[in-house]
Amino acid sequence: MTYQEALETLEKCRYCLMCRHADPLSHVSFNEALTPHGIALTIYSEHKGLLSWNEDSLRTVFSETDAGVARSHCATDQPFSEAVSAVKSELLSQGKMPETVARLKERLEQTPSFFGDAEFKSALEQNDYALFISDEMQYLWPESVNAVNTLIKALTLSPAEITRGKSSGFLALSLGFMEQAKKQAKQLMTELEAVKAKELIVLSQTDLYTCRHVYAERLGLSFPEEVKVTSLLALLTQAYKNGKLSFKPSADTRPYAYIDPSQALRVKDFDSPRHLLGAILPGNQVELFWRKERTHPTGSGSTWFSNPELAEKLTRARLEDAQKQGAEVIYCEDSADLSQLNRYAADYGLELKGLYELLADHLG
Ligand code: SF4
């Protein structure tokens, strides 16, 4: 999306209140400037010369979560988050950014990931299946890596690992670092092409959304059409339903909740994780108020870097929601969400567990 196209969307959003009720940022901050119409009005006012950029207004724009919440509640399907991310990119190109983002710029130029810089060499041998273990899983929730390998083995697959420990590019894109995002995306696609895979297995909804949509729609790159992108959870659910995989029941009878990952609204596979959890846990599965089609993000995305205080509030709101619904244990498979939830879960009396670990521990 170009800056001009972004402005066309934001012109429609600036006086619109239709998705206001579902907005996660104002829900936790009580700040009208952080609603979609507030952010759009800030950007459009500057465009019209009614406002000049300063630390506050830049922080408002860069706080947008890029979780697709506004669009999923929009009757006219306006790509609000996508437009704001295009504006962030334009601002970065003019050297305008809040201090929090300026600090990241330097870090991103030195290392290809926000989270670590270990080198994992891919063997790049030809294989029908490729597996992408992202930097978020590698560095933020590494306990899932072994669990994922156990689950893949149980599916009798032995995929070629590609770009392990690197980013698919979504986080950089969300913050407006377009060139970095393109570089990360191209590296993933180059390795995918080298192994000649027909199917790419991804481990988070963020990476599923990124490969299926972001590369083509937001970065102008063409992801190989012949390659199917599948989530491991979808593969496991299918194998479980077909009787090719079984799970042993857990003895844990405590009420539990599944926390929909921050990009859930863009993927809309709400059932696979719940189905798999139900196959193992005998306890009562409770639901958050902000779940499925009205999922709110945790602070795991770009807001974590651009506005850490707000990110904490987003994460705490999800934990409070789970506590209110009577959950004692919460599950999620997204490494970035898990690492955020893990910071404060104990404050709400909640035990947090990785979904991949639960599944691997209960294979039949
Ligand atoms: S995304 Fe749609 S509903 Fe939300 S402010 Fe924009 S036009 Fe209105």
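The values are calculated or read from the model by the stated rules, or taken from the named source; none is laboratory data. Just so it is clear, the model here is predicted, and its values are computed rather than measured. Quick reminder, even Gly has a Cβ in these numbers, built from the backbone with ideal geometry, and neighbours come from all protein chains shown.
On the given criteria, is Leu338 outside any helix (DSSP H, G or I) and modelled with pLDDT of 95 or more?
Criteria not met by Leu338.
I need every pair where a residue in the stretch 285-304 that is at positive phi has its Cβ under 6 Å from the Cβ of a residue that is modelled with pLDDT of 95 or more, sequence separation at least 6 or different chains.
Within 6 Å, the pairs are Lys292/Phe270.
Can you tell me which residue in the stretch 30-52 is surrounded by the fewest Cβ atoms within 10 Å (Cβ to Cβ), limited to those that are touching a helix residue (DSSP H, G or I) at 6+ places or on another chain (Cβ under 6 Å) and more than 16 Å from Ala83 (Cβ to Cβ)?
Glu32
Do you know which of the residues in the stretch 70-119 that are within 22 Å of Gly38 (Cα to Cα) and among the charged types (D, E, K, R) is farthest from the ligand (Cβ to nearest atom)?
Glu99
Can you tell me which residue in the stretch 1-43 is farthest from the ligand (Cβ to nearest atom), limited to those that are hydrophobic (A, V, I, L, M, F, W, C) and part of a loop (DSSP other than H, G, I, E, B)?
By that ranking, first place goes to Phe30.
State the number of residues belonging to the stretch 46-64 that are within 16 Å of Leu10 (Cβ to Cβ) and either within 13 Å of the ligand (Cβ to nearest atom) or without any contact (Cβ under 8 Å) to a residue 12 or more places away in the chain (or both).
The number of residues fulfilling the criteria is 6.
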